[in-house]
Amino acid sequence: MKKGIFKISGMDCVSCARNIESRVKKHPGVLTVNVDFASSKMFVEAEDSVS
């Protein structure tokens, strides 16, 4: 399993964070996604095959 933390800029509200989460979750191999609006970070866990 791969884990990554990504800085996200341009989020204006919590709704933006939820929208990003729902779109990233749809990608094959993505296991978990959590977007933290307060810190502007996205935490992702994915299968090793995801690049």
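Relative to the longest principal axis of the Cα atoms of the chain, helix 14-25 runs at roughly 10 degrees.
Sequence-ordered 3J(HN,Hα) estimates for the stretch 34-44 from the Karplus curve with 6.51, -1.76 and 1.60 and θ = phi - 60° stand at 9, 9, 9, 4, 4, 9, 6, 10, 10, 10, 10 Hz, glycine and proline given as x.
Restricting to DSSP loop positions (anything but H, G, I, E, B) with no more than 13 other Cβ atoms inside 10 Å of their own Cβ, which GluC sites (Glu not before Pro) remain in the chain?
Sparse-neighbourhood loop GluC sites (Glu not before Pro): E47.
Maximal additional length on extending the A38-K3 stretch stands at 10.6 nm, based on 0.36 nm per residue less the C-alpha distance.
As a length-normalised measure over Cα pairs under 8 Å and 6 or more apart, the relative contact order of the chain settles at 46 percent.
Bear in mind these aren't lab numbers, they're just calculated from the coordinates by the rules spelled out. Predicted model only: the values in this text are computed from it and were never measured. When we count neighbours, we look across all protein chains shown, and the Cβ atoms used for this are built from the backbone with ideal geometry, even at glycine.
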